[in-house]
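Single-structure report; data block below.
Values quoted throughout were computed directly from the atomic coordinates according to the rules given, and no laboratory measurement underlies them. Everything numeric in this text was worked out from a predicted model, so none of it was measured. Glycine gets a Cβ as well: all are built from the backbone with ideal geometry, and neighbour counts include every protein chain shown.
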């Protein structure tokens with residue numbers, strides 16, 4: 001394993017643990033720490049849109065809202081199930097991250113939504129940071145599981 005691969009793996013080990021803690025307990029949401037995993041500007045692509053945003057105070061305000069949304073729809077855990085890293089060059093890597101979202105829906109039925117996101121990571125400023133990500137159709141998956 002290269003140094004870059006090890007650093008990207010550690011980034012997602014930490015990001016996954018922090019995200020899981022924030023989902024389980026709203027007092028564990030550390031927006032500044034979550035934001036530190038992202039570059040000063042980053043891009044996202046979802047089935048709804050491609051967008052970009054600054055890693056600023058507005059971003060840190062939105063982070064707790066995202067975890068609250070997951071809790072409101074019954075989210076109990078968000079675990080990383082797999083990490084595949086492709087080194088692109090000396091400064092960049094693509095991380096394919098498998099996630100398992102465990103929930104209990106409004107009817108009291110438990111289940112899991114499994115999905116894969118793709119993250120582009122840079123170490124240009126010395127630390128690994130996410131500068132872009134690609135997600136699947138989260139809203140559709142939530143509806144299919146009776147969570148939306």
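Listed values, structure above:
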{"quantity": "Ranked by how many other beta carbons lie within 10 Å on average, peptides 95-101, 141-147 from highest", "calculated": "95-101, 141-147"}
{"quantity": "Estimated FRET transfer efficiency (residue 49, residue 24; beta-carbon r; R0 35 Å; 0.05)", "calculated": "0.75"}
{"quantity": "MRE, 222 nm, helices only [DSSP H, n ≥ 4, -39500 (n - 2.57), over the chain, to nearest 500]", "calculated": "-10500 deg cm²/dmol"}
{"quantity": "Segment residue 89-residue 127, extension gain: residue separation times 0.36 nm, minus the distance between their alpha carbons", "calculated": "12.2 nm"}
{"quantity": "Residues of segment 38-74 with amide N under 19 Å of a point placed 7 Å along Cα→Cβ from residue 17", "calculated": "38"}
{"quantity": "Percent RCO, i.e. relative contact order, over the chain, from Cα pairs under 8 Å lying at least 6 residues apart", "calculated": "24 percent"}
{"quantity": "Residue order, fewest to most surrounding Cβ atoms within 10 angstrom, among 24, 106", "calculated": "106, 24"}
{"quantity": "Stretch gain in nm, segment residue 5-residue 69, where the contour uses 0.36 nm per residue and the Cα spacing is subtracted", "calculated": "19.9 nm"}
{"quantity": "Packing-based exposure ordering (other Cβ within 10 Å, fewest first) of 51, 59", "calculated": "51, 59"}
